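Each remark here refers to the structure printed beneath this line.
The values are calculated or read from the model by the stated rules, or taken from the named source; none is laboratory data. Small disclaimer: the values here were computed from a predicted structure and weren't measured. Virtual Cβ from ideal backbone geometry, glycine too; neighbours counted across all protein chains shown. Side chains are part of the model used for accessible areas, which takes the heavy atoms of the whole protein and leaves out ligands, DNA and RNA. Shrake-Rupley method; radii C 1.70, N 1.55, O 1.52, S 1.80 Å.
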Amino acid sequence: MDRGVPRAATYQASPNIALVKYWGIRDTARMLPYNTSLSVTLSGLVTKTVVRFDPELTADELRLNGKRTGGGPLLAASRFLERIRQEAKLEMAASIVTRNNFPTASGLASSASGFAALAGAASRAAGLAEAPATLSIRARFGSGSACRSIYGGFVEWQAGRRPDGHDCYAKPLFEPGHWPELIDLVAIVADAPEKEVRSQDAMQLSVATSREYQTRLRSIPRRVAAMRRAIRLRDASQLFPLIMEECDDFRHVCETTDPSLDYLTETSRNILEAVGELNGTEGRAVAAYTHDAGAHVHVFTLARDLRKVRDALEEVKGIRRTVRLTPGPGGRYLGRAAKPRR
Ligand code: PMV
């Protein structure tokens, strides 16, 4: 390693919620997805990570929210760092100190912000190139959705077609400030179970067993194009039905997977129903629900309709709280002063 290369670096990134879900990997070695996905990076929620390559260490160490952590999270982080070390021709172990400014147990803790932050911090600490496009490609080896969290606002991860993956990368579509009226009200459900199956494994089960998977793949290009257009025009009447159509299609693929994947709880299902009823009563799409491989539900609406949506959600039993989010910035490096506490 060069003497001039810094060995510690800090990077922060936010989670994102997919409006078109990535679900299925066509090449696991290169982490190439079957389908293009489209997401919104979320404001306010931040993962801050410091990586320090240290010649004194004999093995990688992880501190997560102030606690020394081993097991699965350390293993996943270590496996990720192994790729960085190989690329940088570096043999040192590292200490990773990472903090979320939101409760990890809330279910909002996303692997996306975690691996985006780890990719950024580890790349600089190892003296590797730091262009966002390069960080995004590295981040996807930790978790596919992490490649989108390097960028802010509305982001598309192009699946590409080439076997070598050179046309597979994330790119920013619209800045966070493109649509200031758009709100993501996340309903945190009280009955959310601990997640059992890793998304990466679950999606491969869908590819192998769901009879609806191929139909879903064929519908994605049209849906992505229509969403891109609706977002460009800031047209909620076009976008909201598309968000729900995509979410229903994703859930249908999960349900037809063998064994079936059911991420929702009774409360989550009641939220989907409440949003449907609200739209029915209003005679227009006032709101749109979506969820990922978990029980919490993201409800999109516009600032002018927020009151109506809040009122409708208040009727649903089992919501612990709602968190109001907007499109937010992408990842960035922080100076020494901004390091999280150990
Ligand atoms: O990036 P992973 O391995 O956590 O998988 C993400 C899967 C979904 O959240 C359901 C979809 C997505 O595109 O974020």
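At a 10 angstrom cut-off on C-beta neighbours, averaged per residue, how do the peptides 30-39, 204-213 rank from highest to lowest?
30-39, 204-213
Before I look further, what does the range 1-160 give for accessible area per residue, probe 1.4 Å, in whole square angstrom?
Values: 5900 Å² over 160 residues.
On a per-residue basis, the range 1-160 sits at 37 Å².
Would you mind classifying the range 274-330 by shape? Square roots of the alpha carbon gyration tensor eigenvalues, ordered a ≥ b ≥ c; an a/c under 1.5 is rounded, otherwise it is prolate if a/b is larger than b/c and oblate if not.
Oblate.
Of LEU334, SER268, ALA295, which is farthest along the charge dipole of the range 256-342 in the positive direction, counting Lys and Arg as +1 and Asp and Glu as -1 at C-beta?
LEU334
Cβ neighbours within 10 Å, averaged per peptide: list 307-316, 259-268 in order, most packed at the top. Mind dumping the intermediate values first?
Working: 307-316: 15.3, 259-268: 17.0.
For the peptides 307-316, 259-268, the packing ranking is 259-268, 307-316.
Please find, in a Gaussian network model of the chain (springs between Cα atoms separated by less than 10 Å), the residue of ALA76, ALA121, ALA131 whose mean-square fluctuation is greatest.
With Cα springs under 10 Å in the chain, the top fluctuation among ALA76, ALA121, ALA131 is at ALA131.
For the range 182-325, rounded, prolate or oblate, judged on the Cα gyration tensor with a ≥ b ≥ c (square roots of eigenvalues), a/c < 1.5 rounded, else prolate if a/b > b/c?
Because a/c hits 1.5 or more and a/b fails to exceed b/c, the range 182-325 counts as oblate.
Dividing the convex hull volume of the Cα atoms of the chain by its residue count, what figure in Å³ per residue is obtained? Intermediate values should be presented prior to the final figure.
Working: hull volume 45.6 nm³, N = 342.
Roughly 133 Å³ of hull volume per residue.
Which of the aspartates and glutamates could a cross-linker bridge to LYS89, judged by Cα under 15 Å and excluding same-chain residues fewer than eight apart?
Qualifying aspartates and glutamates at Cα under 15 Å: ASP2, ASP54.
Mind listing the phi-derived Karplus ³J(HN,Hα) values for the range 75-92, rounded to whole Hz, using 6.51, -1.76 and 1.60 with θ = phi - 60°, and x for any glycine or proline?
4, 5, 5, 5, 4, 5, 5, 4, 5, 5, 4, 4, 4, 8, 6, 10, 10, 6
When the accessible area of the chain is computed with all protein chains present and a 1.4 Å probe, what percentage of it is carbon and sulfur? Don't jump to the answer; show the numbers that get you there.
On the way: 7550 of 15370 Å².
Of all accessible area on the chain, carbon and sulfur atoms account for 49 percent.
How about LYS171: which aspartates and glutamates have a C-alpha closer than 16 Å to its C-alpha, ignoring those fewer than 8 places off in the same chain?
Leaving aside aspartates and glutamates fewer than 8 places away in the same chain, those within reach of LYS171 are GLU130, GLU156.
According to a simple spin-label model (label point 7 Å from Cα along Cα-to-Cβ), what is the distance in nm between GLU82 and GLU56?
Roughly 2.7 nm, to one decimal.
Go ahead and estimate [θ] at 222 nm for the chain from helices alone: -39,500 (n - 2.57) per DSSP H run with n ≥ 4, summed, over the residue count, rounded to 500. Each step should come with its number before you reach the end.
Values: 9 runs with 122 residues, N = 342.
Using -39500 (n - 2.57) per qualifying helix, the result is -11500 deg cm²/dmol.
Tell me, in nm to one decimal, what length is gained between LYS308 and HIS252 on full extension, where the rule is 0.36 nm per residue of separation less the Cα-Cα distance? Please list the in-between numbers first.
On the way: separation 56, 0.36 × 56 = 20.16 nm, distance 2.83 nm.
Roughly 17.3 nm would be gained on extension.
Determine, from the Cβ-Cβ distance of GLU266 and ARG321 and an R0 of 25 Å, the FRET efficiency 1/(1 + (r/R0)^6), rounded to the nearest 0.05. Walk me through the numbers on the way to the answer.
Values: r = 18 Å, r/R0 = 0.70.
Plugging the Cβ-Cβ distance into 1/(1 + (r/R0)^6) gives 0.90.
Along the principal axes of its C-alpha atoms, what lengths does the range 8-176 span, in descending order and rounded to whole Å?
Cα spread of the range 8-176 along its principal axes, largest to smallest: 43, 35, 26 Å.
What fraction of the DSSP beta bridges in the chain is antiparallel, stated in percent and rounded to the nearest 5? It would help to have the intermediate numbers written out before the result.
Working: 50 of 54 bridges.
Around 95 percent antiparallel, to the nearest 5.
Per residue, what accessible area does the range 182-325 have, given a 1.4 Å probe and all protein chains present, in Å²? Each step should come with its number before you reach the end.
Values: 6890 Å² over 144 residues.
Per-residue accessible area for the range 182-325 comes out at 48 Å².
Compute the long axis of helix 236-255 from its Cα atoms, compare it with the longest principal axis of the Cα atoms of the chain, and write down the angle in degrees, 0 to 90, nearest 10.
70
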